[in-house]
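Here is the structure we will look at, set down as structure tokens.
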Amino acid sequence: MFIIIGTIAKVIITALHEEARPLIEKFGLKKAPHIHRMALYSRDDISLVVSGVGKVKSAIATTYALANVKSPENTIAINFGLCGCRDTRRPLGELVFINKITDAATNRDYYPEVILKHNLPEASLTTFDNHVLKNRNLIFSDMVDMEASGFFTASTTFIPLENVYCLKLISDHLEDLKLDPHMVREKIEACLDTFIVFINSGSKSTSRTLPIAANDASILKQLCEVLNLTITQQHQLRDHAIGYMIRHKTNLDFLSPYFKQEVKDKAERSQLMKIISHELRA
Amino acid sequence: MNYGHSNFSHLYIERAAEKYAMTKHLLSRFSKAKRIFIDNYKDVFARPGQHFQTQKRSIKLILAVKRGHLIYQGSNNAQDFGYSNFHYNANILNCVYNCDYCYLQGMYPSANIVVFVNMEDYFSATNIAINQRTDPDAPLYLAISYDTDLLALESIVPYCREWIEYSRKKNNLLIEIRTKSANYRSLNNLSPHDQVILAWSLAPKTVASRYEINTPSLERRLESASQAIDDGWSVRLCFDPILLVPNWREIYSQFVKETFEKIPAEKIRDISIGTFRMNSEYLKRIKKQRADSDILYFPYETTGRVVSPSQKIKEEINSEISMFLESYIDQKKIEVWV
Ligand code: SF4
């Protein structure tokens, strides 16, 4: 039994309820009760939004889900859904990692990072504004969908590039098929374990560390206020502080008493700044 | 545990680059790598939101055709060794190593490596530059391992070899190949000639292991340099940048001693020394991304657009290191970056 590991927020965006349902059940997600305009489901650190079909709806749903995340560095976003495949040799139901997204309307290309190690086959994909059927000759990428470019532009606005993934499941070879919910469920269920393995690796590999921890940043902020520092002085203080923390492998807690110190005028402030800078350069 | 792909797991290939021999060579060298076709290398290399140090975990190769300028006049932050016609080029952008003090982190938006495959165009541009050099009494001095470490990549992209063969036939050209690699063996079947300087950047063991990530040890670099000297190449040693680490005097004096235990001082062409310096905008950009190296947070001074230790510190370091060196090598052979 595979389980999803914690601490990193995972945001999944699907276009259709049929795509979302197996995930909602597998992860035990609950619909957010007071939100009516958006189909948002969540549990612990996993959330899922059903966007509706099309890149604009996908971008709106992604923005809704990511605009206020507490820690962008510790959030991954995945666009999961069905796609059409030009190459009839690729099997239906295959889950693929998208390494290039082209927006058909603007002809712009987007390149998700491919740093995370995974075992999925990779493919390029074009996002169209309408259903693509027989016009294969106009398609230069391996896959087609209607959401990825909207999802990608929106998510990379809010979270780091390398935390954004697009995983697509091949549902057809561009035939004019009506979506069969049973078939969709079957295919998604068959790839769920692979999907979970992928999310878990993504969660472990999130990369960017904040240049400075939140607590130390808050200490520096308060000091800047107490000392009424100019922007240049603030940068100097920050540099000294980071250099100090690296050299001494410690935090800035020792600076806390300086907030309480009463400073009456400019002379006292610069005196205090000198003392602090001196300590930080040790 | 490493959750990243290995280096060069993916090749981004400009469509215009497909027909070049180097592209074909790299496609067969990395036959298992995933191939992603692109219109222009900048679409990948300069896309917004990239994180240099994250990309260093799994570097990709981007194969492209260089358009526009192929050769540049030397920058103010580089030593010209008194050569009036100092130029550099950029056949490859970025480096397999990851030195904390490397300005490429601030200069480029990406850590992925761009290989420009249209070598013949570089040679043509160099021919023109030779003919049009401002000082006809001096050769065109061309640094070819400038925004990269070319020799470190030689077993993958054999450009040093091509430049060495090209320069062999040229009068009025002197090329410098600067490296931290221990990869001399990939050149050792070429016969030496005096239009090439092989320059090894060296650092004390403790400095290299802490600040020059993924580079070969001092010992291996010295072995490489020493073999090149034995084979008859003109070798330069670069003690640059000298970093202001605690106990720097003892560390660097010991390092100079170690170097000349392995390298016959009289056979060295020259030595360059210099302290840390970087374009202030680059340093600012680097600091936005990382706070894990004290060398980036030293209280430097800014003069014009260059950050470096204060003049006083620089003078002190340069004069002490020169003094250590002068017990092995003629002062005239020491080029100090001030
Ligand atoms: S070897 Fe040179 S180019 Fe490469 S990372 Fe180090 S400083 Fe940068």
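All but one of (1) away from chain B (no Cβ under 14 Å); (2) of a type in the set (A, V, I, L, M); (3) in contact (Cβ under 8 Å) with a residue 40 or more places away in the chain hold for residue A:161; which doesn't?
(1)
Go through (1) more than 27 Å from residue A:277 (Cα to Cα); (2) in contact with a helix residue (DSSP H, G or I) (Cβ under 9 Å, 6 or more places away or on another chain); (3) among the polar types (S, T, N, Q) and name the single condition residue B:272 misses.
(2)
Scan the range B:292-310 and give yes if some residue there is more than 14 Å from chain A (Cβ to nearest Cβ) and buried (at least 17 other Cβ atoms within 10 Å of the Cβ), otherwise no. So that I can check it myself, show each step before the final result.
First, the residues of the range B:292-310 that are more than 14 Å from chain A (Cβ to nearest Cβ): B:303-306, B:308.
Subsequent filtering for residues that are buried (at least 17 other Cβ atoms within 10 Å of the Cβ) retains B:308.
Within the range B:292-310, one or more residues are more than 14 Å from chain A (Cβ to nearest Cβ) and buried (at least 17 other Cβ atoms within 10 Å of the Cβ).
Considering each residue of the range B:168-195, count those that are away from the ligand (no atom under 16 Å from the Cβ), surrounded by 22 or more Cβ atoms within 10 Å (Cβ to Cβ) and in a helix (DSSP H, G or I), and give that number. Give the steps one after another, and end with the answer.
Initially, the range B:168-195 is screened for residues away from the ligand (no atom under 16 Å from the Cβ), giving B:168-175, B:185-195.
So of that shortlist, the ones also surrounded by 22 or more Cβ atoms within 10 Å (Cβ to Cβ) come out as B:173, B:175, B:187.
Restricting the remaining residues to those that are in a helix (DSSP H, G or I) gives none.
Residues in the range B:168-195 being away from the ligand (no atom under 16 Å from the Cβ), surrounded by 22 or more Cβ atoms within 10 Å (Cβ to Cβ) and in a helix (DSSP H, G or I): 0 in total.
When you look at residue A:167, is it under 30 Å from residue A:7 (Cβ atoms), of a type outside the set (Asp, Glu), assigned by TED's automatic domain parsing to the domain that holds residue A:193 and part of a strand (DSSP E or B), yes or no? Working first, answer last.
Numbers: under 30 Å from residue A:7 (Cβ atoms): yes; of a type outside the set (Asp, Glu): yes; assigned by TED's automatic domain parsing to the domain that holds residue A:193: yes; part of a strand (DSSP E or B): yes.
So residue A:167 fits the description; yes.
State all residues of the range B:38-67 that are at the interface with chain A (Cβ under 8 Å from one of its Cβ atoms) and of a type in the set (A, V, I, L, M, F, W, C); if no residue qualifies, say none.
B:38, B:44 - these are the residues of the range B:38-67 that are at the interface with chain A (Cβ under 8 Å from one of its Cβ atoms) and of a type in the set (A, V, I, L, M, F, W, C).
Restricting to the range A:112-124, and then to whatever is surrounded by 21 or more Cβ atoms within 10 Å (Cβ to Cβ) and under 19 Å from the mean Cα position of the chain (by Cα), can you tell me which residue is nearest to residue A:202 (Cα to Cα)?
Among those residues, the one meeting the criterion is A:116.
For the range A:32-147, list the strands (runs of 3 or more DSSP E) that sit wholly inside it and hold at least 2 residues that are touching a residue at least 24 places away in the same chain (Cβ under 8 Å); which are they? Spell out the reasoning first.
On the way: elements: A:39-43, A:46-50, A:75-85, A:95-103, A:108-110, A:122-127, A:143-145.
Once the strands (runs of 3 or more DSSP E) in the range A:32-147 are filtered for at least 2 residues that are touching a residue at least 24 places away in the same chain (Cβ under 8 Å), what remains is A:46-50, A:75-85, A:95-103, A:108-110, A:122-127, A:143-145.
Check residue B:8 against each of (1) within 11 Å of chain A (Cβ to nearest Cβ); (2) touching a residue at least 60 places away in the same chain (Cβ under 8 Å); (3) more than 20 Å from residue A:141 (Cα to Cα) and name the one condition it does not meet.
Among (1) within 11 Å of chain A (Cβ to nearest Cβ); (2) touching a residue at least 60 places away in the same chain (Cβ under 8 Å); (3) more than 20 Å from residue A:141 (Cα to Cα), the lone unmet condition for residue B:8 is (1).
Are there any pairs with C-beta distances below 9 angstrom linking a residue in the range B:91-105 that is without any contact (Cβ under 8 Å) to a residue 40 or more places away in the chain to a residue that is near the ligand (Cβ under 6 Å from one of its atoms) and assigned to a loop (DSSP other than H, G, I, E, B), with the two at least 6 apart or on different chains, and if so which?
These pairs meet every condition: B:102/B:95.
Could you tell me whether residue A:250 is among the hydroxyl-bearing types (Ser, Thr, Tyr), out of contact with any Leu (no Cβ under 6 Å at 6 or more places or on another chain) and within 30 Å of residue A:277 (Cβ to Cβ)? Give the derivation first.
Working: among the hydroxyl-bearing types (Ser, Thr, Tyr): yes; out of contact with any Leu (no Cβ under 6 Å at 6 or more places or on another chain): yes; within 30 Å of residue A:277 (Cβ to Cβ): yes.
For residue A:250, the condition - among the hydroxyl-bearing types (Ser, Thr, Tyr), out of contact with any Leu (no Cβ under 6 Å at 6 or more places or on another chain) and within 30 Å of residue A:277 (Cβ to Cβ) - is met.
From the residues in the range B:196-236 that are of a type in the set (Val, Ile, Thr) and closer than 21 Å to residue B:256 by Cβ, which one is farthest from the ligand (Cβ to nearest atom)?
Filtering the range B:196-236 down to residues of a type in the set (Val, Ile, Thr) leaves B:196-197, B:206-207, B:213, B:215, B:229, B:235.
The next check asks that each one be closer than 21 Å to residue B:256 by Cβ; those that pass are B:197, B:206-207, B:215, B:229, B:235.
Values: B:197: 16, B:206: 16, B:207: 12, B:215: 6, B:229: 21, B:235: 17 Å.
Applying the filter and picking the extreme gives B:229.
Okay, residues lined up against (1) within 16 Å of the ligand (Cβ to nearest atom); (2) touching a Pro at 6+ places or on another chain (Cβ under 7 Å); (3) aliphatic (A, V, I, L, M):
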residue	(1), (2), (3)
B:25	no, no, no
B:33	no, no, yes
B:43	no, no, no
B:56	yes, no, no
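Looking at (1) assigned to a helix (DSSP H, G or I); (2) out of contact with any helix residue (DSSP H, G or I) (no Cβ under 8 Å at 6 or more places or on another chain); (3) of a type in the set (Ser, Thr, Tyr); (4) within 14 Å of chain A (Cβ to nearest Cβ), which is the one condition that is false for residue B:122?
Failing condition for residue B:122: (4).
Just give me the residues in the range B:268-291 being among the acidic types (Asp, Glu) and either within 11 Å of another protein chain (Cβ to nearest Cβ) or assigned to a helix (DSSP H, G or I) (or both), in sequence order. Spell out how you get there, then give the answer.
To start, the set of residues in the range B:268-291 that are among the acidic types (Asp, Glu) comprises B:270, B:281.
Answer for the range B:268-291, where residues must be among the acidic types (Asp, Glu) and either within 11 Å of another protein chain (Cβ to nearest Cβ) or assigned to a helix (DSSP H, G or I) (or both): just B:281.
Quickly run through the range A:207-238 and pick out the residues that are of a type in the set (D, E, K, R), farther than 30 Å from residue A:114 by Cα and surrounded by fewer than 19 Cβ atoms within 10 Å (Cβ to Cβ). Break it down stepwise before answering.
Looking only at the range A:207-238, we keep the residues that are of a type in the set (D, E, K, R), and these are A:208, A:216, A:221, A:225, A:238.
With the extra rule that they be farther than 30 Å from residue A:114 by Cα, the set shrinks to A:216, A:221, A:225, A:238.
Once the filter is applied, which keeps residues that are of a type in the set (D, E, K, R), farther than 30 Å from residue A:114 by Cα and surrounded by fewer than 19 Cβ atoms within 10 Å (Cβ to Cβ), the range A:207-238 yields A:221, A:225.
Taking the range B:69-109 as the search range and keeping residues that are modelled with pLDDT under 95 and on the phi > 0 side of the Ramachandran plot, which one is farthest from the ligand (Cβ to nearest atom)?
B:82
Given the condition of a type in the set (Lys, Arg), under 28 Å from the mean Cα position of the chain (by Cα), closer than 24 Å to residue A:73 by Cβ and modelled with pLDDT of 85 or more, answer yes or no: does some residue in the range A:203-219 qualify? Before you say what the answer is, go through the steps one by one.
Start the filter on the range A:203-219 by keeping residues that are of a type in the set (Lys, Arg), which leaves A:204, A:208.
Filter again for under 28 Å from the mean Cα position of the chain (by Cα), leaving A:204, A:208.
Then keep just the ones that are closer than 24 Å to residue A:73 by Cβ; that gives A:204, A:208.
From the residues that got through so far, the ones that are modelled with pLDDT of 85 or more too are none.
So far as the range A:203-219 goes, no, none of its residues is of a type in the set (Lys, Arg), under 28 Å from the mean Cα position of the chain (by Cα), closer than 24 Å to residue A:73 by Cβ and modelled with pLDDT of 85 or more.
Results for (1) touching an Asp or Glu at 6+ places or on another chain (Cβ under 9 Å); (2) at pLDDT 95 or above; (3) of a type outside the set (Val, Ile, Thr), shown as yes or no for each residue.
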| residue | (1), (2), (3) |
| --- | --- |
| A:7 | yes, no, no |
| A:15 | yes, yes, yes |
| A:21 | no, yes, yes |
| A:35 | no, no, no |
| A:45 | no, no, yes |
| A:49 | no, yes, no |
| A:60 | no, yes, no |
| A:79 | yes, yes, yes |
| A:99 | yes, yes, yes |
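Which residue, of B:118, B:112, is within 14 Å of the ligand (Cβ to nearest atom), crowded, with 19+ Cβ neighbours inside 10 Å and either modelled with pLDDT of 95 or more or closer than 30 Å to residue B:203 by Cβ (or both)? Steps first, answer last, please.
Numbers: B:118 fails: within 14 Å of the ligand (Cβ to nearest atom).
Exactly one of B:118, B:112 is within 14 Å of the ligand (Cβ to nearest atom), crowded, with 19+ Cβ neighbours inside 10 Å and either modelled with pLDDT of 95 or more or closer than 30 Å to residue B:203 by Cβ (or both), namely B:112.
Taking the range A:167-187, which residues are at pLDDT 95 or above and under 17 Å from residue A:25 (Cβ atoms)?
Passing the criteria: only A:169.
Which of the residues spanning the range A:248-269 are exposed (fewer than 15 other Cβ atoms within 10 Å of the Cβ) and either modelled with pLDDT of 85 or more or hydroxyl-bearing (Ser, Thr, Tyr) (or both)?
Initially, the range A:248-269 is screened for residues exposed (fewer than 15 other Cβ atoms within 10 Å of the Cβ), giving A:248-250, A:253-254, A:256-257, A:259-262, A:264-268.
Of everything in the range A:248-269, those that are exposed (fewer than 15 other Cβ atoms within 10 Å of the Cβ) and either modelled with pLDDT of 85 or more or hydroxyl-bearing (Ser, Thr, Tyr) (or both) turn out to be A:248, A:249, A:250, A:253, A:254, A:256, A:257, A:267, A:268.
Would you say residue B:327 is free of Cβ contacts under 8 Å to residues at least 40 places away in the same chain and closer than 22 Å to residue A:233 by Cα? First the steps, then the outcome.
Values: free of Cβ contacts under 8 Å to residues at least 40 places away in the same chain: yes; closer than 22 Å to residue A:233 by Cα: no.
So residue B:327 does not fit the description; no.
The values are calculated or read from the model by the stated rules, or taken from the named source; none is laboratory data. Bear in mind the structure is a predicted one, so any value in this text is a computation, not a measurement. Positions of Cβ are generated from backbone atoms using ideal geometry, with glycine treated the same way; all protein chains shown enter the neighbour counts.
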